[in-house]
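No value in this document is a laboratory result; all are computed from the given coordinates. All values derive from a computational prediction rather than experimental measurement. So basically every Cβ, Gly included, is an ideal-geometry build from the backbone, and we count neighbours across all protein chains shown.
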Amino acid sequence: MLEPHSSPQNSSLPRSGLAGPTPQVAVEIRRVAKHFGSGERRVMALQDVDWDVYAGQMSLIVGPSGCGKTTLLSVIAGILNADSGSVRIFGSEVSAMSDRAKTRFRARHIGFVFQQYNLLPALTAAENAAIPLVIAGWSKAKAVRRAKEVLDSLGMGKKTENLPSQLSGGQQQRVAISRALVHQPSLLVCDEPTAALDHETGLSVMELLRESAVKPDRAVVVVTHDNRVFHFGDRIAHMDDGRMIQVEDRTQVAA
Ligand SMILES: Nc1ncnc2c1ncn2[C@@H]1O[C@H](COP(=O)(O)OP(=O)(O)OP(=O)(O)O)[C@@H](O)[C@H]1O
Ligand SMILES: [Mg+2]
């Protein structure tokens, strides 16, 4: 488990305290639309999407290939600008920010995990995991020390000096998760984090995400089309053809 630490990174973000029976809305998406291309090539990737993501929960976005999952995740994370609509993250309206403010917000408050890990091959596991802290201005030595603690908490304590090429796929994904969590982001977004992994390793990565990233004042959004990991979701948002067609609340099922 990650221990709270006293970095200034998250200090400007409003926090709600514990999520009680009515969890706090972490991400509020309203009437979001996004198209790509023009003329005959114009594709409506997102149409009129409304969705609430709750703190203290893992929310999954599922749906067929091309339905808009990655586009929605990218809009939530401020990587892509929507054509219209709004995205608020813990009360901050990301959709209204300048590109520069958005980049700063992202660096402080959002962690990413991708299908293909995106680790830098010449850096050790610890150096890779330390990157967000170095970007935030930490000294390399302090950042690597902190990254090693996070790697250790994810069962990677003996591999901190390994290069990515010296790690298995599941271990590389653990390094990528450590990198995403090292600055204690309020929102963790993951795009198909298990797609490059065998089933067993995929399950253990999902378990790890639940254990290490689902906290009362944080939210996790995972895009997947692997129905073998659907049971990890507290909420499952089903998309089709750019629209949010149904949101299942599995916390009620489990209760
Ligand atoms: N940069 C782009 N330029 C043009 N069209 C795009 C671009 N990115 C996505 N699209 C289109 O937008 C639609 C939604 O794409 P998106 O990548 O969000 O789907 P997805 O649900 O993540 O699919 P997959 O499960 O295959 O990853 C698709 O029709 C896709 O072809
Ligand atoms: Mg995708």
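About its Cα centre, the chain has a charge dipole of approximately 880 debye under the convention of +1 per Lys or Arg Cβ and -1 per Asp or Glu Cβ, with nothing else charged. Placing +1 on each Lys and Arg Cβ and -1 on each Asp and Glu Cβ, with no other charges, gives the range 199-244 a dipole about its Cα centre of roughly 140 debye. Positive-end ranking of Ser212, Gly63, Asn162 along the dipole of the chain, with charges on Cβ about the Cα centre, is headed by Asn162. Projecting the Cα atoms of Cys190, Val175, Val247 onto the charge dipole of the chain (Cβ charges, centred on the Cα centre) puts Val175 farthest toward the positive pole. Against the chain, whose longest principal axis comes from its Cα atoms, helix 125-135 is set at around 60 degrees.
Per-peptide packing, taken as the mean over residues of other Cβ atoms within 10 Å, places 240-246, 183-189 in the sequence 183-189, 240-246 from highest down. About the centre of its Cα atoms, the range 166-217 shows a dipole size close to 200 debye [charges on the beta carbon of Lys, Arg (+1) and Asp, Glu (-1) only; nearest 20 debye]. Placing R0 at 41 angstrom, the Cβ-Cβ distance between His225 and Lys140 gives a FRET efficiency of 0.60 after rounding to 0.05. The long axis of helix 169-181 is offset from the longest Cα principal axis of the chain by roughly 80 degrees. Of all lysines in the structure, those lying under 16 Å Cα to Cα from Lys158, and not within fewer than 8 positions of it along the same chain, are Lys148.
Sequence-distant contacts, meaning Cα pairs under 8 Å at least 6 residues apart, place the relative contact order of the range 134-255 at 18 percent. Net length available on complete extension from Ser86 to Asp50 is 12.0 nm, with 0.36 nm assigned per residue and the Cα-Cα distance removed. Mean sequence separation of contacting Cα pairs (under 8 Å, at least six apart), scaled by the length of the range 96-182, corresponds to a relative contact order of 41 percent. Peptide packing: for 123-130, 100-107, the average count of neighbouring Cβ atoms within 10 Å per residue gives the ranking 123-130, 100-107, highest mean first. Once C-alpha pairs closer than 8 Å and six or more residues apart are averaged by separation and normalised to the residue number of the chain, the relative contact order reads 28 percent. Among the listed pairs Lys102/Lys159; Lys34/Lys142; Lys69/Lys159; Lys102/Lys215; Lys69/Lys140, which have their C-alpha atoms separated by more than 31 angstrom in this model? Listed pairs above 31 Å: Lys102/Lys159; Lys34/Lys142; Lys69/Lys159; Lys69/Lys140. Helical runs assigned H by DSSP (4 residues or longer) give the chain a calculated mean residue ellipticity at 222 nm of -9000 deg cm²/dmol, each run adding -39500 (n - 2.57) before division by the residue total.
Within the chain, what percent of beta bridges assigned by DSSP are antiparallel, to the nearest 5? Can you show the working numbers first?
Numbers: 21 of 39 bridges.
The antiparallel proportion sits near 55 percent.
Electrostatic tally near Ala96: other residues with Cβ closer than 11 Å to its Cβ, Lys and Arg +1, Asp and Glu -1, net +1.
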